[in-house]
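This report refers to the structure that appears directly beneath it.
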Amino acid sequence: FLALYGIVKQLLENKLKDKSIQSAISASSILAGLFYIFNPAMIENYVRALPIHDQVFINHLMFYFVLKYLITSKFQFLSLGLFISLLFSHNFAYGAAPPIFAFYPLGVIFLFIYTSVILKRKIPWKGLVLGFLLFLGLHAFHLLPEFVDLYSPGSNINTRIFNKADILEQVGYFSAILPIPKLSIHWFANSVNSQIFWASFIIPLVMILGLIFMGKKEKTVSLIGLFFLITFYLVNANVTNVGVEFYKSLFYIPGFSMFRNFYGQWQFVYYFFYSLFFGVTVYYLLSRLRYKFLILFSLTIA
């Protein structure tokens, strides 16, 4: 919750020239955080498998620290991230590969585009390279053995990543589970609990109203919306026959077979960008309502 709250608040404060409606910024950030921690991926899988730390909060906390570093150039933000990564080092090991490769490539690309294109700031490459080298040094005790195992012919990791026969098996698994997820379930953040099914319509409705009230085009919203659509495709995969065939072709990228269970691996990064998109769009609705936004805030919480 705190990571999502901080990220959305930072994104809104960075792009707004008029900061007179701080209450709307705070409310939007709170709502984004609440939506994230109460989305179906978080609360409806406990009877099957508990989400792990990186899926729930570590990756998003790292995103926040890097965002703060890119904005302020203060290395202490990267230092905090490095310290936390060491405490939760298991979440950066081989077993955590799917959450890592689902989140960080998209997250890093988003941050670089946001910094250079929207904020028009120079990316502090020296600090980032130093931080990355320190990360490798701190995690060398478990990364080096895994790297050696990766290039050892016949090892489990080597077979899963480079063996074509194994890749075909993963494609077959992907095809078998393809009909399970539904587009509408992810779009509406639908609950399997029929008693609260009606609530599934609130989030998209609020977002649509926010986009309508936004008026002129905002680059930050457009960028978040783009990544929302990318992850929406990845979490569903079954988006026209062309989309399915394209996803199958990605399996021949070494290591992509870890995403054979596409809706299981992509849903956390999808709801991350969904929460950001919800947070920045709901701001325009709350700021337009001005003195009435507390009423909407209370209704949404209820």
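Which residues, counting only those in region 181-223, are open to solvent by 70 Å² or more (accessible area, probe 1.4 Å), outside any helix (DSSP H, G or I) and at pLDDT below 65?
Correct list: V192 only.
Please go through (1) modelled with pLDDT of 90 or more; (2) open to solvent by 20 Å² or more (accessible area, probe 1.4 Å) for V56 and return the number of the only condition it doesn't satisfy.
Among (1) modelled with pLDDT of 90 or more; (2) open to solvent by 20 Å² or more (accessible area, probe 1.4 Å), V56 violates only (1).
Identify, please: which residue in region 64-95 is free of Cβ contacts under 8 Å to residues at least 24 places away in the same chain and aliphatic (A, V, I, L, M) and is, among those, surrounded by the most Cβ atoms within 10 Å (Cβ to Cβ)?
Restricting to residues being free of Cβ contacts under 8 Å to residues at least 24 places away in the same chain and aliphatic (A, V, I, L, M), the top hit is L80.
Which pairs have Cβ atoms under 8 Å, sit 6 or more apart or on different chains, and link a residue in region 25-39 that is under 14 Å from G6 (Cβ atoms) and free of Cβ contacts under 8 Å to residues at least 24 places away in the same chain to one that is open to solvent by 10 Å² or more (accessible area, probe 1.4 Å) and part of a helix (DSSP H, G or I)?
Listed by first residue and then by second, the contacts come to S26/K9.
Could you tell me whether any residue of region 23-30 is at pLDDT below 85, among the polar types (S, T, N, Q) and over 17 Å from Q265 (Cβ atoms)? Please lay out each step first, then the result.
Initial filter on region 23-30 (at pLDDT below 85): 23-24.
Those still in the list that are among the polar types (S, T, N, Q) too: 23.
Next, from what is left, pick out any that are over 17 Å from Q265 (Cβ atoms): 23.
Yes, region 23-30 contains at least one residue that is at pLDDT below 85, among the polar types (S, T, N, Q) and over 17 Å from Q265 (Cβ atoms).
Based on what the data block shows, is I167 in contact (Cβ under 8 Å) with a residue 60 or more places away in the chain and either out of contact with any Cys (no Cβ under 9 Å at 6 or more places or on another chain) or β-branched (V, I, T) (or both)?
On the way: in contact (Cβ under 8 Å) with a residue 60 or more places away in the chain: yes; either out of contact with any Cys (no Cβ under 9 Å at 6 or more places or on another chain) or β-branched (V, I, T) (or both): yes.
Taking the combined requirement at face value, the residue satisfies it.
Does I113 fit the bill of being β-branched (V, I, T) and open to solvent by 50 Å² or more (accessible area, probe 1.4 Å)?
In short, yes.
The values are calculated or read from the model by the stated rules, or taken from the named source; none is laboratory data. No experiment lies behind these values; they were computed from the predicted model shown. Reconstructed Cβ throughout: ideal geometry from the backbone, glycine too, with neighbour counts over all protein chains shown. Heavy atoms of the whole protein, side chains included, go into the accessibility calculation; ligands, DNA and RNA do not. Shrake-Rupley method; radii C 1.70, N 1.55, O 1.52, S 1.80 Å.
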